[in-house]
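The values are calculated or read from the model by the stated rules, or taken from the named source; none is laboratory data. Just so you know, these numbers come straight off a predicted model, no measurement behind them. Glycine also receives a Cβ, built like all others from the backbone with ideal geometry; neighbour counts cover every protein chain displayed. Each accessible area value is taken on the protein alone, full model and side chains, heavy atoms only, with ligands, DNA and RNA left out. Shrake-Rupley method; radii C 1.70, N 1.55, O 1.52, S 1.80 Å.
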Amino acid sequence: MEMDKSGEHMKLQLQELEEIHNDAYESARIYKEKLKAFHDKMISRKKFKFGQKVLLYHSRLRLFSGKLHSRWIGPFVVTNVFPHGAVEIQSLTTSKVFRVNGQRLKTFYEGFQVENVAKLDLEDPIYTD
């Protein structure tokens, strides 16, 4: 008689454990969905046009050790934009054509024009005692 009661008690404990497991699995799934939605919302989509100048991120550049060395090379000119983020670029110096992922590119800005920069003269403050 006690074996039946202990067997039922063990079955109930196993069912409770399975319910806890399912709740944890469901909570993890909901958390992952929310995190993915937040991540996708924060991604900035880059749009490139034909003839636009861009810089290429060179991740394998290990010539000089140091923090201050830039890993962006270029400028390159966009020759073709493919669907799903692929971009075809052409080097200005060697005129070679590359097909790269658009996430490895950023727009190249020419220098500022001197006429557009405002000049501000700073004066020493006047001290009165």
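Points to keep in mind about this one:
- Test: Ile30 is modelled with pLDDT under 90 and aliphatic (A, V, I, L, M): no
- Residues that are open to solvent by 70 Å² or more (accessible area, probe 1.4 Å), at pLDDT below 90 and under 21 Å from the mean Cα position of the chain (by Cα) within region 55-67 comprise Arg60, Lys67, listed in sequence order.
- Verdict on Ser6 being open to solvent by less than 100 Å² (accessible area, probe 1.4 Å), part of a helix (DSSP H, G or I) and not charged (D, E, K, R): yes
- For region 77-101, a tally of residues being modelled with pLDDT of 90 or more and surrounded by 14 or more Cβ atoms within 10 Å (Cβ to Cβ) returns 10.
- Pairs are defined by a Cβ separation below 7 Å, a sequence spacing of at least 6 or placement on different chains, a first member in region 32-61 that is under 29 Å from Ser95 (Cβ atoms) and among the β-branched types (Val, Ile, Thr), and a second member that is part of a loop (DSSP other than H, G, I, E, B) and open to solvent by less than 80 Å² (accessible area, probe 1.4 Å); the pairs so defined are Val54/Phe48; Val54/Phe108.
- Pick from region 102-116, criterion in a loop (DSSP other than H, G, I, E, B) and open to solvent by less than 90 Å² (accessible area, probe 1.4 Å), ranking: modelled with the lowest pLDDT: Gly111
- Contact annotation: residue pairs with Cβ atoms under 9 Å, 6 or more positions apart or on different chains, pairing a residue in region 84-104 that is within 14 Å of Ile73 (Cα to Cα) with a partner that is assigned to a strand (DSSP E or B) and open to solvent by 90 Å² or more (accessible area, probe 1.4 Å), are Ile89/Arg99.
- Residue match in region 32-40 (condition: among the basic types (Lys, Arg), open to solvent by less than 100 Å² (accessible area, probe 1.4 Å) and not in a loop (DSSP other than H, G, I, E, B)): no
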